1. At 1.4 Å probe size, with every protein chain present, just tell me what the per residue accessible area of the range 480-541 comes to in Å².
2. Let me check something: with ligands and nucleic acids excluded, how do Glu310, Glu329 order by accessible area (1.4 Å probe), largest to smallest?
3. Hey, what does the equivalent ellipsoid look like for the range 442-485, semi-axes from the Cα gyration tensor as sqrt of 5 times each eigenvalue, largest first, whole Å?
4. Could you please report the charge total around Val508, scoring K, R as +1 and D, E as -1 over all other residues with beta-carbon less than 14 angstrom from its beta-carbon?
5. Under a crude label model (7 Å from the Cα following the beta-carbon direction), how far is Glu408 from Ile328 in nanometres?
6. Using the Kirkwood radius built from alpha carbon pairs, what does the Stokes-Einstein equation give as D for the range 232-289 at 20 °C and 1.002 mPa s, in µm² per second?
7. Given a 1.4 Å probe and every protein chain left where it sits, what share in percent of the accessible area of the range 1-40 is carbon and sulfur?
8. Calculate, for Ala35 and Ala193, the FRET efficiency according to 1/(1 + (r/R0)^6) with r their C-beta to C-beta distance and R0 51 Å; round to the nearest 0.05.
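The values are calculated or read from the model by the stated rules, or taken from the named source; none is laboratory data. Note that the structure is predicted; figures quoted are calculated from it, not measured. Heads up, the Cβs are rebuilt from the backbone with ideal geometry, glycines too, and the neighbour counts pull from every protein chain shown. Accessible surface is based on the protein model in full, side chains and every heavy atom, while ligands, DNA and RNA are left aside. Shrake-Rupley method; radii C 1.70, N 1.55, O 1.52, S 1.80 Å.
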Amino acid sequence: MTPLVAIGHPHTVLSDVGREAFSAGRPARRTDPRAALVALAVPVRHRGSVIAALAVAGRAAEPHLGGATLDAERLAVAADCAALALSTRPPGSVLTGISDQDGGLALAESLSSLAGAKTTDQVVTAALAVGGTRFGARAGLVCLPSGPDGVEVVGWRGLDRDRLGAASRHPGFARLIAGPGVTIVSPTDPIVALLSDGAEFAAALPLAGADGPGALVLLMAEEPDAAGQRALEALRGQVVAALAAARAAAEVGAGQAQLSTLVHSLVDPALVVDGAGHFVAVNPAAAELFALSDAFEIGRPAAGRLGHPELEARLLGTGPSASDGGEIEVVLGRPTPRRYRALARALGGPGGRVLVLRAAPAAPGSDRDDLDVVASLSRALRDPLAVISALAAGGPTGDGVASASEWEVARKGIAAEAARLEAVADQLALLSADGRGAATVAVRPERVDIVAAVGMLVAARRAAHPDRDLRLSGPARLDVSVDRRLLERIVDPLVENALRYSDGPVTVEIADRGETFEVAVVDNGPGIFSGDIPGLFERFHPLDGSPARRGGISLYTGRRLAELMAGRLWCDSRLGVGSRFAVRLPQSPLPR
């Protein structure tokens, strides 16, 4: 409720008693002992409908309205006068729309709120608000197409839900919302009578589109004249345009979300820009390769961010090299450069381009051929894994198992060994030279309390190192969808490395980052030189000639596992201060 006229101090008891009288449709009385006030309010009615409330307050010992106390009957006389004043509309009022004095400026200002609406819900809310503030509608509703043959009421104000439901089920409701233009329906119409007790006119503004019928229906105390109907037509046109813009924006947003999900599911580095050359999607592999922040860069210009003019020209579609021809081969990455084949393509629809880089195959006879053996070993391990898993899932068959309880012990041992073999196979797959072995690693997310899961891991490490100060910091509980096995393979080596290379306390931190969560291992060790940090996550890349330092290949496989789960693993470190290794993953898994 918005005060139209007020005198004196606006005590809270006045607004409270006014709301009560307005909603109940009968006089209401309240007291405020702290201020020694008595308040009375009566509804203001016009043509049977409550259109306002008149409230007065004063001290109990003072005379009011010609009497010793507040009297509802005396106040009702003033309420009748207020009703007459509110129902008298001079030329150019809210119902006539465009007046000679303002030249339509007031209407244009009201319609500007629709132009700023971004979603369908915002358009519906703004349309009903304009109907109330500019056209004096006590109530209204908006219905839009739902499915091939249905219509859904998507928003309303000032209407009882049950009464609205009865009206929408009436056979004549379709006729009300399917008119060719703005239609003024009399109070005697059956649908209008259901909505307003036959006391108001209904203005039906069709919002029909390609998907089916729809309408904005406003209930007004008086019938709009010709100027008012022209103003309602202007409102209708603005609502139709705003709804179309909102639908288009939703389609673009859905398309960008699908594209971002697809890009993040790729193991190879991939970047997407829109028609203006701004980043739309950057997956973790590309963020690491080009030293970008995959979240911070979204919406920012891509020009000058890749550090490679040829790739930037292909991504942005500029210069003579921007053609969508064949691949080009580039050498990227520090401190261990790698050869990539880069391919750029234009996107359809609203425009934009995508750039994907795939690891170039090694030349015959190179040492990379030897590394491909690990991929073959990974594939060779899959068959015995399947046999062991099938045996563990079976029953107590075979010699040497005397009872079901002994079989249960044996079954658990087989399952544990199968899990260890699967971990080895996954690690070998991640070490394949061409990077394609990662596609064989299964990601099986489940709902898990990540605090409890990491806590069990920390407890095991604490038992193995009773002399060390190992702490766990984070919320009491955090439920996420994640592959617990793969997360443990990332975090456990980080904890072991921190205990191995530092002497002080080690803290495992868990943080809720909204759509993502983060697990970090923090130590107070000697720290790592900043120039060496990128090499930590490279395959077989030792530091200071020591292949065992900082976990050897465990950080590389940890990084690849994080990328498989649409996340990232990184390190922040300062010499003489300590290191922080962190993995950030989505709280809900992305489809691969």
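1. Per-residue value: 37 Å².
2. Numbers: Glu310 65, Glu329 90 Å².
I get Glu329, Glu310, largest accessible area first.
3. 23, 13, 6
4. That works out to -2.
5. 6.5
6. 159
7. For the range 1-40, the apolar C and S fraction of the accessible surface comes to 57 percent.
8. The value I calculate is 0.70.
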